[in-house]
Amino acid sequence: MKKWIGFIMVLCFLMSALVPVEAGEYLTYQNITFRRAGAKLLEDYSQAEYDRYIKKVERRRFWGWRTYTVMRNEPVTFQKETMYVISNEGFTPIQKSYYFNVKGQGKFQISATGNIGLTGTGDVRGFRLGLDTHIRPQISYESSTQREERVDIRMTVDPRTTLRVEVFGEGKVTNGVANHYRFWRNTRQGGWEVFVLTTEYFSIVKAVIPDDEDVSDDDLDVDTH
């Protein structure tokens, strides 16, 4: 009976190993694209990949972390969000004023799977039990971060046009797996990931609203037989 209970507990742990228990804001971005083919986010690891990586940290130790880095400072581009979409279907321009908060370089965001766990709140977050100290040498970042800056923009939405304001940016992703040991026993296991923001900018795009009456011959389904 005890063997069956133990087997069920191990099975439940493996099934939940890849589920992010806590995640950074970057995982809510509309799109994140790696520049290198094959690079991926922690949440996209398959179970087979996770099992293969975790074997690299299974050698027991008396106390502390064993870590393995899978992706190191992989450059990414991202589309964070669409902030505004304004359509002017009239015949006079529309004047709009907005302000944006531009975030400074070097901001950290982190995620973890399994039972590694995170501490802190907001922008001041870390991994539990000192995992930050072990993985920090793997991460490239600017030590002198910039403060948030307010940018005021006045925009004109011309007649028969749509204006879109979107947030784009670039960053670096480092991720891997880790095991924590106490008295030779594995007490925590899972994946970890760090997203470092390197730049963030706004894109303002205007597009002409198509006239429903302007239909070309190519748009018509004409039976010539």
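The values are calculated or read from the model by the stated rules, or taken from the named source; none is laboratory data. This structure is a prediction, so every number in the text was calculated from the model and none was measured. For neighbour counting, all protein chains shown are included, and Cβ atoms are generated from backbone atoms with ideal geometry for every residue, glycine included.
Couple of notes before you dig in:
- Pairs, first closer than 13 Å to V76 by Cβ in segment 34-55, second assigned to a helix (DSSP H, G or I), C-beta under 8 Å, six or more apart: L41/L27
- In segment 148-205, the residues that are farther than 30 Å from R36 by Cα, aliphatic (A, V, I, L, M) and either touching a Leu at 6+ places or on another chain (Cβ under 8 Å) or crowded, with 19+ Cβ neighbours inside 10 Å (or both): M155, V157, L163
- A count restricted to segment 89-119 and to residues that are over 17 Å from T174 (Cβ atoms), at pLDDT below 80 and assigned to a loop (DSSP other than H, G, I, E, B) stands at 2.
- The set of residues in segment 1-59 that are of a type in the set (G, A, S), within 17 Å of G117 (Cα to Cα) and at pLDDT 50 or above comprises A23, G24.
- Qualifying residue in segment 192-203 (condition: at pLDDT below 90, more than 28 Å from R72 (Cα to Cα), of a type in the set (S, T, N, Q) and within 22 Å of the chain's Cα centre (by Cα)): yes
- Filtered residues of segment 39-61 (kept if under 17 Å from the mean Cα position of the chain (by Cα) and either charged (D, E, K, R) or part of a helix (DSSP H, G or I) (or both)): K40, L42, E43, D44
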